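Structure first, then comments.
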Amino acid sequence: MSSKANNLILTFASLLCLVIILEIILHTLFPASKPPLGMFDHKNLMYVSDTTIRTGYTTRGAWPRKKTPWVINSRGWNFISQPQKEIAPSESNFKTLVVIGDSYIEGLQVSPQENLAYLLQKKLIKSAHVHAFGKSGAPLSQYLHISRYSKKILSPDVLIFNLVENDFWESSRDWHPEKKHFLQFTFDSSSYQYIENLPSDPLLDRKLPRLRRLLYKSALMRYLVYNLQVFSRNQYISPQNKLFMQTNKDSTLHSASNFTKSQDPTSQKMRQLISAIFTKIREEFPHTKIIFLMDGDRFAITHALPHDQTYLYHKSIVFENCRYIKANCIDLHPIQKKYYLKTHQDLYSGNDYHWNKNMHQLAAEVLAQQIIQKF
């Protein structure tokens with residue numbers, strides 16, 4: 001056998017040993033994150049978590065140590081209900097509450113018992129059943145889709161939508177075509193209106209399910225994908241989104257009231273899109289109590305900075321539409337700021353800026369108080 005062949009064999013053997021050693025380390029000493037896999041529910045056209053893998057854990061950062069467990073229920077959502085024996089029998093005034101959102105409501109950064117919806121159920125144990133439908137990456141348009149789904153299976157008395165800044169842009173198929181597995185809207189220039197684009201099965205889940213599951217079993221691959229996020233460094237930003245962000249960056253406007261007067265066509269389309277979704281929600285739930293829970297400007301809170309202009313713009317549109325459709329809107333920013341100044345405790349995860357257990361607890365308290373007072 002030639003020396004070249006020997007070198008190749010030796011190199012391959014060395015790499016194989018290295019991979020095996022890394023697999024052992026990332027299974028034990030520094031456990032790689034193991035979040036839920038996604039799957040497409042064709043019956044409901046709904047992107048949910050894979051119900052064949054019901055439990056697992058997430059870890060954070062390059063040197064992960066702490067495992068945060070998750071539990072997927074039979075419908076494909078990271079939410080566990082209070083034990084049935086702890087819930088009071090159904091009564092005429094017993095309410096069904098549905099909490100809808102993205103990764104903030106999915107809550108993979110906290111244990112199931114620290115999740116907003118679970119804590120809210122504990123606080124309303126004698127008056128309501130709480131259900132949570134959160135999926136990472138879901139935009140505002142998908143919240144409309146999930147609310148329709150919840151109506152079929154639960155007929156909610158109260159709908160709670162959690163809003164964060166990226167929920168708005170990603171609702172547009174024109175601006176974010178990579179999110180076809182969620183309900184989105186496309187602008188129709190002929191009618192000057194937004195039309196719905198139904199969700200479709202993601203290509204990766206449809207074409208490569210076996211390879212995807214095989215790679216998922218590798219701690220090294222999960223570490224690269226989820227802990228180091230080596231394939232998520234450059235997220236898709238459409239030309240329209242870049243234009244709007246550049247407009248904001250260069251803007252000399254200093255208040256929400258002035259910012260909303262912007263005649264920029266992209267800004268106006270965004271306003272129209274958000275209004276269309278809010279209006280559809282009210283039209284389809286005319287007698288349902290609706291609450292929008294809007295996350296604060298976290299960097300303004302933790303770094304004592306002025307408000308981000310894009311945040312103020314979205315906030316002004318949300319409150320404007322809440323008034324129009326007669327929905328309740330909770331602005332978390334002043335509540336978060338007061339909490340942070342008083343306790344100096346973080347409300348967001350240090351690795352990915354999602355809510356930590358403090359914020360889930362605070363949001364549950366705010367919601368419970370609102371529901372008890374008004375409903």
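The values are calculated or read from the model by the stated rules, or taken from the named source; none is laboratory data. This structure is a prediction, so every number in the text was calculated from the model and none was measured. Here the Cβ is made from the backbone with ideal geometry for all residues, glycine too, and neighbour counts use every protein chain on show.
Working only within segment 289-310, note down all residues that are out of contact with any helix residue (DSSP H, G or I) (no Cβ under 6 Å at 6 or more places or on another chain) and in a helix (DSSP H, G or I).
Arg298, Phe299, Ala300, Thr302 - these are the residues of segment 289-310 that are out of contact with any helix residue (DSSP H, G or I) (no Cβ under 6 Å at 6 or more places or on another chain) and in a helix (DSSP H, G or I).
Which pairs do you get when a residue that is not assigned by TED's automatic domain parsing to the domain that holds Ser349, found in segment 96-115, comes within reach of a residue that is surrounded by fewer than 23 Cβ atoms within 10 Å (Cβ to Cβ) and aliphatic (A, V, I, L, M), reach meaning Cβ atoms under 7 angstrom, with the pair 6+ apart or on two chains?
From residues that are not assigned by TED's automatic domain parsing to the domain that holds Ser349, there are no pairs.
Evaluate segment 182-196: report whether one residue or more is among the charged types (D, E, K, R) and either more than 18 Å from Gly38 (Cα to Cα) or outside the structural domain of Cys322 (by TED's automatic domain parsing) (or both).
Scanning segment 182-196 turns up at least one residue that is among the charged types (D, E, K, R) and either more than 18 Å from Gly38 (Cα to Cα) or outside the structural domain of Cys322 (by TED's automatic domain parsing) (or both).
Only residues in segment 1-20 that are not assigned by TED's automatic domain parsing to the domain that holds Ala219 count as the first member; pair them with residues that are among the hydrophobic types (A, V, I, L, M, F, W, C) and surrounded by 10 or more Cβ atoms within 10 Å (Cβ to Cβ), Cβ under 8 angstrom, at least 6 apart or cross-chain, and list the lot.
Correct list of pairs: Val19/Leu220.
Are any residues in segment 323-346 modelled with pLDDT of 95 or more and part of a loop (DSSP other than H, G, I, E, B), and if so, which ones?
Passing the criteria: Lys326, Ala327.
Where the second residue is part of a loop (DSSP other than H, G, I, E, B) and of a type in the set (D, E, K, R) and the first is without any contact (Cβ under 8 Å) to a residue 40 or more places away in the chain and within 15 Å of Gln268 (Cα to Cα) and lies in segment 177-191, which pairs have Cβ atoms under 8 Å and are six or more apart or on separate chains?
Thr186/Arg173; Thr186/Asp174
Which condition number in (1) in contact with a helix residue (DSSP H, G or I) (Cβ under 8 Å, 6 or more places away or on another chain); (2) part of a helix (DSSP H, G or I) is the one that Asp174 fails?
Condition not satisfied by Asp174: (2).
Just wondering, is there one or more residues in segment 285-293 that are modelled with pLDDT of 85 or more and more than 24 Å from the chain's Cα centre (by Cα)?
Yes, the conditions are met somewhere in segment 285-293.
Would you mention how many residues in segment 201-223 are closer than 18 Å to Ser136 by Cβ and modelled with pLDDT of 75 or more?
Count: 5.
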